[in-house]
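Trainee: Mind having a look at this structure? Questions to follow.
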Amino acid sequence: MKPLPADIEAVLFDLDGTLLDSAPDLHAALVAYCAEAGAPAPDYAAVREVVSRGSRAILRCAFDEDDAALLARMPRYLELYQGMLATHTRPFDGIAPLLEGIEARGQRWGIVTNKPGFLTEELIARMDWDLRASAVVCGDTLPVKKPDPEPVLLACEHARAEPARCVFVGDDARDVEAGRAAGLYTVAVRWGYLDGGDPDGWGADAVVDHPRQLAELLGLQVAA
């Protein structure tokens, strides 16, 4: 674990699998889609593991097809998902006090996700985060997405923070790659979906098991 930079200005987070446990609703939408398509629905565990890779990977859990066929299925799947967007989705245990601790210190926090903007914006509004996040960069905000560093750099700009004084937190190797390339301190989390990977092998500056441990790393005072 590398030492944290001094004078942290902002903490940026991936969304699905880092701040929010959205897998139950993503799986429920796939079950509904499979029922329409007359296909068997995959187990929840199989879907949960690939959530960080996005809708195409989720659909591939049920349909062994090429990318073009999966892309053709995506609009209806996302329509079903939007209809149940925040039915069971909740912040992971410890996230609420973590964000409150960041705000109490006068630091900023933001979101960098590969999720489409129309879903991201509605979801964070449902969480009452839309007026709290200093930056929200979605998968279609720019022509590129993570692991490209540009979305992370744009979030730093929106948060009015220097990349060298920012932290990027995520549950996927793409998050670490993007954050590192953008010049941020990177933190990999074990509580997320992980895409079947081992966070210890991603080259992050720190790996944490729980939001409380992240709060400790950041030197925050948070409620138990």
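Trainee: Helix 173-182 against the longest principal axis of the chain: what's the angle in degrees, Cα atoms only, rounded to the nearest 10?
Mentor: 40 degrees
Trainee: Next up: Report the label-to-label distance for residue 181 and residue 210 in nanometres (one decimal), using points 7 Å from each Cα along the Cα→Cβ vector.
Mentor: Between residue 181 and residue 210, the label points sit 3.4 nm apart.
Trainee: Oh, and also: For region 18-71, with equal point scatterers placed on the C-alpha atoms only and solvent neglected, what are the log10 I(q)/I(0) values from the Debye formula at q = 0.15, 0.17 1/Å, to two decimals?
Mentor: Normalising to I(0) and taking log10 leaves -0.37, -0.47.
Trainee: Continuing with the same structure: First check a/c for region 130-224, with a ≥ b ≥ c the square roots of the eigenvalues of its C-alpha gyration tensor; if it is under 1.5, answer rounded, and if not, answer prolate when a/b is larger than b/c or oblate otherwise.
Mentor: oblate
Trainee: Which whole-number value in Å² is the accessible area per residue of the chain, probe 1.4 Å?
Mentor: Normalised by residue count, the accessible surface of the chain is 44 Å².
Trainee: Here is a follow-up. Of (i) 17.4; (ii) 11.5; (iii) 12.8, which one was derived for mean projected area of the Cα convex hull in nm² from the structure shown?
Mentor: (ii)
Trainee: Here is a follow-up. Once you place label points 7 Å from the Cα toward the Cβ at residue 82 and residue 118, how far apart are they in nm?
Mentor: Result for the modelled spin labels: 0.3 nm.
Trainee: Still on this structure, I have one more. Report the accessible area of residue 88, computed with a 1.4 Å probe over the heavy atoms of all protein chains in place, in Å² rounded to the nearest 10.
Mentor: The accessible area comes out at roughly 110 Å².
Trainee: Let me ask another. Each label point is 7 Å from the Cα along the Cα-to-Cβ direction; what then is the distance between the points at residue 140 and residue 1, in nm?
Mentor: 4.0 nm
Trainee: Mind giving me the FRET efficiency for residue 96 and residue 57? R0 is 35 Å, r the Cβ-Cβ distance, nearest 0.05 is fine.
Mentor: That gives a FRET efficiency of 0.80.
Trainee: Can you send over the carbon and sulfur percentage of the accessible area for region 88-224, probe radius 1.4 Å, protein chains only?
Mentor: The computed percentage sits at 47.
Trainee: Keeping every protein chain in place, order 92, 168, 118 by accessible area at 1.4 Å, biggest value first, i.e. largest first.
Mentor: Largest accessible area first, the list is 118, 92, 168.
Trainee: Using a Förster distance of 41 angstrom, determine the FRET efficiency expected from the C-beta separation of residue 162 and residue 67, and round it to 0.05.
Mentor: Using R0 = 41 Å, I get an efficiency of 0.60.
The values are calculated or read from the model by the stated rules, or taken from the named source; none is laboratory data. Remember, it's a predicted structure, so these values are computed and weren't measured experimentally. In this analysis, Cβ positions are derived from the backbone assuming ideal geometry, glycine residues included, and neighbour counts consider all displayed protein chains. For the accessible areas, the whole protein counts, side chains as well, though only heavy atoms, and no ligand, DNA or RNA atoms are used. Shrake-Rupley method; radii C 1.70, N 1.55, O 1.52, S 1.80 Å.
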